[in-house]
1. Could you tell me whether F22 is modelled with pLDDT under 90 and within 23 Å of T101 (Cβ to Cβ)?
2. If I filter region 33-62 down to residues being charged (D, E, K, R) and more than 15 Å from the chain's Cα centre (by Cα), which single residue comes out as surrounded by the most Cβ atoms within 10 Å (Cβ to Cβ)?
3. With respect to V52, is the statement that it is among the β-branched types (V, I, T) and modelled with pLDDT of 95 or more true?
4. Please work out which residue is surrounded by the fewest Cβ atoms within 10 Å (Cβ to Cβ), limiting yourself to region 76-90 and to residues that are touching a residue at least 12 places away in the same chain (Cβ under 8 Å) and either touching a Lys or Arg at 6+ places or on another chain (Cβ under 9 Å) or of a type in the set (G, A, S) (or both).
5. Across region 70-100, what is the total count of residues that are assigned to a loop (DSSP other than H, G, I, E, B) and either over 14 Å from the mean Cα position of the chain (by Cα) or not hydroxyl-bearing (S, T, Y) (or both)?
6. Return only the number of the condition from (1) within 19 Å of Q102 (Cα to Cα); (2) at pLDDT 95 or above that K72 does not satisfy.
7. Please go through (1) of a type outside the set (A, V, I, L, M, F, W, C); (2) under 23 Å from K103 (Cα atoms); (3) at pLDDT 90 or above for R4 and return the number of the only condition it doesn't satisfy.
8. Determine, yes or no, whether K103 is part of a loop (DSSP other than H, G, I, E, B), at pLDDT below 95, of a type in the set (D, E, K, R) and in contact with a Ser or Thr (Cβ under 9 Å, 6 or more places away or on another chain).
Amino acid sequence: MKNRFVKSSLAALVATFATNAFAATEVTVYTAFETDILAKYKNAFEQANPDVKIKWVRDSTGIMTAKLLAEKNNPQAEVVWGLAGSSMALLKEEGILKPYTQKALKT
């Protein structure tokens, strides 16, 4: 169940930003998740959405947080996924995160 929620969340986020980010065909996702799990999410998403490609930028939570803070005035990522809660709270406090309201998911 948790795995399905994570997949659905990523799909919803990427789909939303893909349509809002200048109708981009490539969506940049900053993440701290390990590379061994990213491939299956990328493959599943790109199969379901062949017009959108995911570009992962992956590093530790600390480095990703520092990168996002440094890019505050010139953001490079459309999606931030898999960072520690404390980092997400800091990014929210700094006004870096854009709120996302999830649409109903098909189950």
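1. yes
2. D51
3. Considered against the rule, which asks whether it is among the β-branched types (V, I, T) and modelled with pLDDT of 95 or more, V52 comes out as no.
4. Filtering region 76-90 for residues that are touching a residue at least 12 places away in the same chain (Cβ under 8 Å) and either touching a Lys or Arg at 6+ places or on another chain (Cβ under 9 Å) or of a type in the set (G, A, S) (or both), the one surrounded by the fewest Cβ atoms within 10 Å (Cβ to Cβ) comes out as Q76.
5. 17
6. Answer for K72: the failing condition is (1).
7. (3) is the only condition that R4 fails.
8. Yes: the conditions hold for K103.
The values are calculated or read from the model by the stated rules, or taken from the named source; none is laboratory data. Computed from a prediction, not measured in an experiment: that's the story for all the values here. Reconstructed Cβ throughout: ideal geometry from the backbone, glycine too, with neighbour counts over all protein chains shown.
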